[in-house]
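A short write-up of the structure that comes next.
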Amino acid sequence: MKPIILILTLIIFSCTSEKRATSEEFNFQFEGVTLNGIINYPKNQIPKGLVLIIHGSGKTNAVADNWHADIRNTINNAGYTTFMWDKMGCGKSGGSFNYNQSVYNSSDEVITAINTLKETTISGSERIGLWGISRAGWINPIVINKYKNIKFWISVSGVDDKENFDYLFKNNLEIAGIPKDSIALLSKELKESVRLSHSGATYETYLEATQNLRKNKFFYRFNNHRKTTAEGYYAYQEKLMKETIDSVTGLQVYVKDFDRILSKVDCPVLAIFGEKDKHVDWHKTKALYENDIKPNTNLTIKTYPETNHNLFKCHTGGFYEFEDTNISYERPKGYLEFIKKWLQDLE
């Protein structure tokens, strides 16, 4: 069974910027595997620091396809070096891609990258900041707790402590015009499938409990048009049974004690949300940040109306909106300028 936990990796087109930074490829070793990345330097100035670009979930082809180009150029234009790399088994990085890589292991990967950049004395590496989207909202606070010397964090479409697929599922069914009672039934079957799998139920029991869910067009498409096999179900079950399920919501707890981890963030934080985010419940994350981060540090929250999970202007914010329509990739007015000014105001 394909893991339900999914927060999309942001795949961004290449954008023009007011200046072009010079760049070079840079590799580092993590768990015996060479990971390939790219460094971009600010042009004609000594860097004020270095910002690591942390992806969301899923495979990457970031270096070759110039992912997050407008974001990286904006950070470069604010005077900072950027470093972005491809995950294992992606792009020119070695090893095999692991969709189920834990966020804790990903945080170790980030710290390994930081240490290598510092050991190589890459310009700007004496002052490290983090930029990350979606799944990185779990990774980066863990890094900040472990590393203890992160200077700032830019969080885009951040997450709360729990699995997000039920929110994504229900919102996208609503966009598709599914009646409310049908959405409630499908959501109930989704949560029941998690409960059954977590409790060690058989494949046959799962099939009996998810007859409507498995016929749903969105669910089937989301699973890449693959039916759940017994082999896939038991492989997923083995992993899920090691995880914690929240007794109230029925959702998987993705990071234990996440409120405590957030409360230990002690660097300036810029949190950005799209108000039409149909992937992550941004209202819950915003409230979590305000409760756990704000009392301890400088927290700036900025939201953009008519903007989706990936911070592009949209109509519905649906999962497949850009894939199924001719909508253009356009940033909300002032978005990049706000990031640049926030970075400049840190000085």
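Scan region 69-112 for residues that are touching an Asp or Glu at 6+ places or on another chain (Cβ under 6 Å) and either without any contact (Cβ under 8 Å) to a residue 60 or more places away in the chain or of a type in the set (Asp, Glu) (or both) and the total you get is 0.
Pairing residues of region 311-327 that are touching a residue at least 24 places away in the same chain (Cβ under 8 Å) and within 14 Å of GLU174 (Cβ to Cβ) with residues that are buried (at least 19 other Cβ atoms within 10 Å of the Cβ) and aliphatic (A, V, I, L, M), at Cβ distances under 7 Å and at least 6 apart in sequence or on separate chains, gives PHE319/LEU168.
For (1) more than 16 Å from LEU52 (Cβ to Cβ); (2) crowded, with 23+ Cβ neighbours inside 10 Å, each residue gets a yes or a no:
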{"residue": "GLY89", "(1), (2)": "yes, no"}
{"residue": "LYS118", "(1), (2)": "no, no"}
{"residue": "LYS146", "(1), (2)": "no, no"}
{"residue": "TRP153", "(1), (2)": "no, yes"}
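Of all residues in region 65-88, those satisfying the criterion of being within 18 Å of TRP153 (Cβ to Cβ) and part of a loop (DSSP other than H, G, I, E, B) are HIS68, ALA78, GLY79. When we screen GLY32, GLY58 for residues that are surrounded by fewer than 22 Cβ atoms within 10 Å (Cβ to Cβ) and at pLDDT 95 or above, the only hit is GLY32. Take the conditions among the hydrophobic types (A, V, I, L, M, F, W, C), touching a residue at least 40 places away in the same chain (Cβ under 8 Å), in contact with a helix residue (DSSP H, G or I) (Cβ under 8 Å, 6 or more places away or on another chain) and not assigned by TED's automatic domain parsing to the domain that holds GLN29 and apply them to PHE169. Does it pass? So PHE169 passes the test.
The values are calculated or read from the model by the stated rules, or taken from the named source; none is laboratory data. Worth saying up front: this structure is predicted, and the values here are computed from it rather than measured. Virtual Cβ from ideal backbone geometry, glycine too; neighbours counted across all protein chains shown.
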